[in-house]
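Laboratory data are not the source of any read-out in this text; all were calculated from the coordinates shown. Keep in mind the model is a prediction, meaning the values are calculated, not measured. All Cβ positions, glycine included, derive from the backbone under ideal geometry; neighbour counts span all protein chains shown.
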Amino acid sequence: MAKKKFTSADLFSSEYCQYIRYDFTNSSVEGLSNINYSIKGSGTSIVGSFFSKGSTVIETHSKDEVISLDIDNKEIVVRPTITLSSLYELLIPQHLFLGSVPSYPGASIGGCIAANVHGQNHVKEGCFTNNVKSLVVYHPDKGFIECSPNKNKNLFDLTIGGYGATGIIHEVRLNLIDIKTNILNVKTITFSTLFEAFQLMEKESYHYDYLHSWCDMSIANRTKQPGLISLGRYESGIKVEKYKINNQISKVHMPILINVFGTRLMITVNKLYYFLNTIRRHKKILLHDFIFPSRSNLFYFSMFGKKGIIEHQVLIPKKKARNYLEDLMVIIESASPSVSLCHLKVFSGDGSLLRFDGSGYCLALHFYNDSSGINALKEIDKIDLHYGCKANLIKDSRLSVGSIDKQYSEIGLFRSKIHNHDPLVKFRNNIINKVFNKNG
Ligand SMILES: Cc1cc2nc3c(=O)[nH]c(=O)nc-3n(C[C@H](O)[C@H](O)[C@H](O)COP(=O)(O)OP(=O)(O)OC[C@H]3O[C@@H](n4cnc5c(N)ncnc54)[C@H](O)[C@@H]3O)c2cc1C
């Protein structure tokens with residue numbers, strides 16, 4: 001069997017793995033006889049949760065990605081390989097789309113389900129699970145199993161946010177939401193501390209459809225963490241404006257890795273970004289430009305040289321946020337890591353099993369992976385535990401088994417349910433190996 005190199009977006013993990021092609025329309029499922037498999041969607045998860053040492057990577061393909069579309073009942077049945085951008089292109093002219101979509105539109109629906117991703121207004125939309133009506137999951141020992149909140153609920157709940165551990169998501173039935181227009185009126189406001197930003201966002205989440213935030217960590221200190229929040233609301237009326245969205249999946253990494261964003265140049269880049277986003281405080285923006293802010297930014301991951309980045313995304317209990325943020329800024333001031341990006345979200349949900357969901361303030365920081373970054377992160381791990389935070393498994397490659405065990409209260413339940421479903425845990429990857437404390 002052929003082998004090739006798979007690398008995570010953050011450049012933390014790289015493995016030569018065997019791989020096979022799995023075609024949904026022509027699937028030769030009997031061929032799956034190896035012990036360990038990892039399933040690849042678009043392959044853009046930051047920690048590379050679609051491969052691991054010793055597993056055979058299943059590269060999924062489908063010629064016909066849309067099985068049926070029922071416009072009147074706002075329902076679509078698709079193969080999991082379909083990307084958000086292909087769905088956008090198909091559905092927006094019908095005034096339909098999905099809620100809770102992540103900022104990179106090249107993600108596959110299978111990847112969005114397995115990571116139970118979130119979008120640009122969690123308070124209103126929750127996580128991707130709210131889009132999913134039912135699934136067909138394939139496991140070589142069990143065959144095809146249909147599951148939904150009413151049928152095989154256990155498997156349904158384990159598969160959404162289960163990082164591919166239950167088997168191959170083979171078919172997906174999705175609920176669609178009405179989209180009257182693809183035009184948003186966007187207002188930009190500024191803030192001077194992260195705590196102020198979270199409070200503003202919490203209030204505005206109810207009044208706006210989508211929110212973005214950005215904090216300039218290159219000049220932040222204990223007393224000020226300046227940044228901006230963009231608040232988007234649908235324009236009134238029913239109108240789809242002409243748009244162009246690229247639905248080609250680009251390569252995660254460029255052939256040459258240059259360190260630009262891990263240097264002090266970031267101070268200038270951030271100043272420019274702040275200036276460009278505050279000269280005009282009111283704008284009209286097309287929907288996809290707003291909900292997919294990372295649409296053409298995959299090159300970003302190649303701009304840190306060979307060291308790459310570590311993204312640390314954490315859900316902070318609201319009542320502890322003020323103290324957490326004070327401690328965080330003390331760490332950042334003393335370790336002086338290079339933080340290329342910082343953004344904030346407010347969550348209002350319920351985080352069962354391994355899902356990165358719950359209620360709290362969600363903070364994401366991108367650290368250049370050098371010794372200052374790693375030292376800062378080690379201290380941040382301690383305050384995460386102290387304040388009862390939860391870090392996102394699909395964002396931070398460094399997370400240890402010990403810290404995951406402490407942060408995810410239902411991890412034991414997840415393990416035992418997966419063992420019941422598949423005693424050998426045949427579907428593994430960088431995340432699932434960690435959860436089961438296996439090194440391949
Ligand atoms: C630039 C960028 C921006 C991002 N923004 C956000 C954001 O705003 N919000 C957010 O929540 N996330 C965000 N992410 C994370 C990203 O959305 C998720 O990691 C998503 O899972 C990627 O989808 P993929 O198709 O590339 O998945 P892959 O990397 O291919 O796989 C991800 C997981 O899904 C599993 N999987 C894929 N297909 C199947 C299948 N058919 N059956 C079973 N399991 C399957 C894999 O085994 C793996 O565990 C972002 C990532 C990037 C690179």
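A few remarks follow.
- Remark: spin-label model distance K4-R233 equals 4.8 nm, labels positioned 7 Å along the Cα→Cβ axis.
- Share of pairwise Cα separations in the range 284-329, more than 17 Å, in percent: 63
- Put simply, the Cα atoms of the range 183-399 extend 51, 45, 38 Å along their principal axes, the longest span coming first.
- Count Lys and Arg as plus one, Asp and Glu as minus one, and take only other residues whose Cβ is under 11 Å from that of N130; the net charge is then 0.
- Hz values of 3J(HN,Hα) by residue in the range 154-159 - Karplus curve (6.51, -1.76, 1.60), Gly and Pro given as x: 4, 5, 4, 5, 6, 7
- Long-range Cα-Cα pairs in the range 351-440 (distance over 21 Å), rounded percent: 35
- Unpaired Cys in the chain, meaning no second Cys C-beta under 4.7 Å: C17, C112, C127, C147, C362, C389.
- Taking every full run of DSSP H in the chain, the ones that stretch at least 18 Å from end to end by Cα along their long axis and average 0.0 or higher on the Kyte-Doolittle scale are 265-278, 321-335.
- Paramagnetic reach from E202 (point 7 Å along Cα→Cβ, amide N under 14 Å) across the range 314-339: 316-325
- Across all C-alpha atoms in the range 34-139, the radius of gyration and Dmax reach 14.4, 46 Å.
- For a label point 7 Å along the Cα-to-beta-carbon line of L265, residues of the range 300-323 with backbone N under 11 Å: 303-305
- The stretch between D70 and R222 holds 49.4 nm of extra length on full extension. This uses 0.36 nm per residue minus the Cα-Cα distance.
- Tally of Lys pairs whose C-alpha atoms are under 23 Å apart, taken over the range 66-179, 8 or more apart or cross-chain: 10
- Seen from N36, the other residues with C-beta closer than 10 Å to its C-beta sum to a net charge of +4, counting Lys and Arg as +1 and Asp and Glu as -1.
- In the range 325-440, lysine pairs closer than 22 Å at Cα, eight or more apart or cross-chain: 26
- Net length available on complete extension from F436 to K406 is 9.4 nm, with 0.36 nm assigned per residue and the Cα-Cα distance removed.
- For H312, the shell of other residues with beta-carbons less than 10 Å away shows a net charge of -2, using +1 for Lys and Arg and -1 for Asp and Glu.
- Along its first, second and third principal axes, ordered by size, the range 294-363 spans 37, 32, 20 Å in Cα coordinates.
- At R0 = 25 Å, FRET efficiency that the Cβ-Cβ distance of K244 and S14 yields, to 0.05: 0.15
- Estimated dipole of the range 183-399 in Debye, rounded to 20 [Cβ of Lys and Arg +1, of Asp and Glu -1, Cα centre]: 520
- Pairwise Cα distances in the range 147-247 exceed 22 Å for 59 percent of all pairs.
- Taking every DSSP bridge with both residues inside the chain, close to 85 percent are antiparallel.
- Given charges at Cβ of Lys, Arg, Asp, Glu: the range 183-399 dipole, positive-most of Y243, G358, M329: Y243
- Segment T278-K307, extension gain: residue separation times 0.36 nm, minus the distance between their alpha carbons: 7.2 nm
- Per residue, the convex hull around the alpha carbon atoms of the chain comes to 134 Å³.
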